[in-house]
Amino acid sequence: MSLLQRLSQQARSENSQAALRGADPVTVVDPRTSIKIKIHQRLIAEMNNSDSSLRIDINGEREQLEEAVVQVANLVLDESEGEFRRDRTQIIAEVIDEVLGFGPIDPLLKDDSVSEVMVNSARQVYVERRGKLELTEVRFRDDQHVLQVIERIVAPLGRRIDESSPMVDARLPDGSRVNAIIPPLAIKGPCLTIRKFARDPFQVADLIRFGTLTREMAEFLRACVLGKLNIVVSGGTGSGKTTTLNVLSSFIPGDERIVTIEDAAELQLRQEHVVTLETRPPNIEGRGAITMRDLVRNSLRMRPDRIVVGEVRSGEALDMLQAMNTGHDGSLTTGHANSPRDMLSRLETMVLMAGMELPVRAIREQIASAIDLIVQQSRLSDGSRKIINITEVQGMEGDVITLQDIFYFEQTGKDERGRVMGSFRTSGIRPKFVERLIAAGISLPAAIFEE
């Protein structure tokens, strides 16, 4: 959608809302809204006027467009005879956000302390800061205003959202993950959730500083990635799985070919030889969908050294396990589960979702031979994110997959400020796959495994 189309849509929406209230299109109840509508209308007029002295290039750089918006806004505000003298700077900033950004939530997206933006309705916007939810003072004009912002996000990606397709997953230009759902499914009005993308991806040193893991645990995980172990990062929603997967991926040597597969591309790998694949939803006729399973299968024909799957949710788990069992060692993925044991149960269920009538024991043997390590991540009650288990998948005993914790987090209570107290501990048991690491020329100090 071009800048001119966007402005025209906004003006039509604002005028229609004014008309619904029985007001003149330009004389709306809220004077600030009225002046912003005037600025929008003047911008449209200047763009359509070939003789305009502003010479606004709708395809120009953001800085040029911003300068043009400021010029037009100042002209309109000057004509208001100082009525908005105190609010001038804020009004201009809001118009720039509306015209060139994502409306009222634009300042939240630029705020580095905000990790998630949640628009529950036009009048209720929450953010997550340092793992805690906060209600903001940000407000949209109405539901139509929220819908405009959603359409602005999804349209450039070829996605659509309407009554026939009321849910959509998308991403912002910076890679931030977006989910939107609208009526009739969302009862209170359009709902928008944005998981922000860090401008500079966290490195392992950052996670150590945050207390997500210890230096010894990081050294151990680095060795496991270099040794081409198959690793699953497990955890609940918002526990930091993708961040940890990103850090684990950063340990992959730069001379290996990496294929990443995601629903919405958000991994930030720094290596040069990376192929990024992203699923595609069905078109308006319900055709043309490309699923995670399709991409996992296709990736096997792309001569990958490593396959990194953003998250396994369904039948693609079977293809992933088969890849791990047929020479594609060093694969990484994430999954939703509350413990390493739960993760294994979920993998069983996902394999069954692939439609293959396999006996449970056969599925468990596939899982036990494919997965080497489960990294369990959790968001604790104080909002902190920690790796609470690093667990080895040892094999089968009868019909049961045997697990052994290598590291774990032991919570001992909370301090007076409500922060979780505890420490990372080691079980004192040396994992079975250490011999594989030694054979690959990777040595770990014996002291890492001592209690």
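The values are calculated or read from the model by the stated rules, or taken from the named source; none is laboratory data. From a predicted model like this one, the values you see are computed outputs, not experimental measurements. Note that each Cβ is placed from the backbone with ideal geometry, even for glycine, and that neighbours are counted across all protein chains shown. The protein model used for the area step is the full one, side chains on, heavy atoms only, and it has no ligands, DNA or RNA in it. Shrake-Rupley method; radii C 1.70, N 1.55, O 1.52, S 1.80 Å.
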* **Rounded accessible area of residue 328 (nearest 10 Å², 1.4 Å probe)** => 40
* If you average the sequence gap of Cα pairs under 8 Å that are 6 or more apart and divide by the length of region 82-134, what percent do you get for the contact order? -> 19
* Structure fact -> Computed over region 236-286, the relative contact order (Cα-Cα under 8 Å, seq sep at least six) in percent reads 33
* Over 27 Å (Cα to Cα) - which of 132/228; 132/241; 188/386; 196/386; 386/414; 132/386 fall in this group -> 132/228; 188/386
* Structure fact -> Computed over the chain: longest principal axis from alpha-carbon atoms vs helix 31-48 long axis, angle to nearest 10 degrees, is 90
* Scattering curve values for the chain, log₁₀ I(q)/I(0), Debye with Cα scatterers, q = 0.06, 0.11 Å⁻¹ -> -0.34, -0.94
* Asked: Hey, with R₀ at 56 Å, roughly what FRET efficiency would residue 415 and residue 300 work out to, going by the Cβ-Cβ distance, to 0.05?
  -> 0.65
* For region 188-329: rounded, prolate or oblate by the Cα gyration tensor [a/c cutoff 1.5] -> oblate
* Asked: Tell me, what HN-Hα J-couplings in whole Hz come from the Karplus equation 6.51 cos²θ - 1.76 cosθ + 1.60 at θ = phi - 60° for each residue of region 394-409, using x for Gly and Pro?
  -> 8, x, 10, 10, x, 9, 10, 7, 8, 10, 9, 5, 9, 10, 7, 9
* Going by a ≥ b ≥ c, the root eigenvalues of the Cα gyration tensor, does region 237-307 fall in the rounded group (a/c under 1.5), the prolate group (a/b larger than b/c) or the oblate group? -> oblate
* **Whole-angstrom Cα spans of region 333-451 along principal axes, big to small** => 54, 36, 24
* Accessible surface of region 254-340 [probe 1.4 Å, protein heavy atoms]: carbon and sulfur percent -> 45
* Tell me, what is the 1.4 Å probe accessible area of residue 294, in Å² to the nearest 10? -> 60
* Tell me, what is the 1.4 Å probe accessible area of residue 210, in Å² to the nearest 10? -> 100
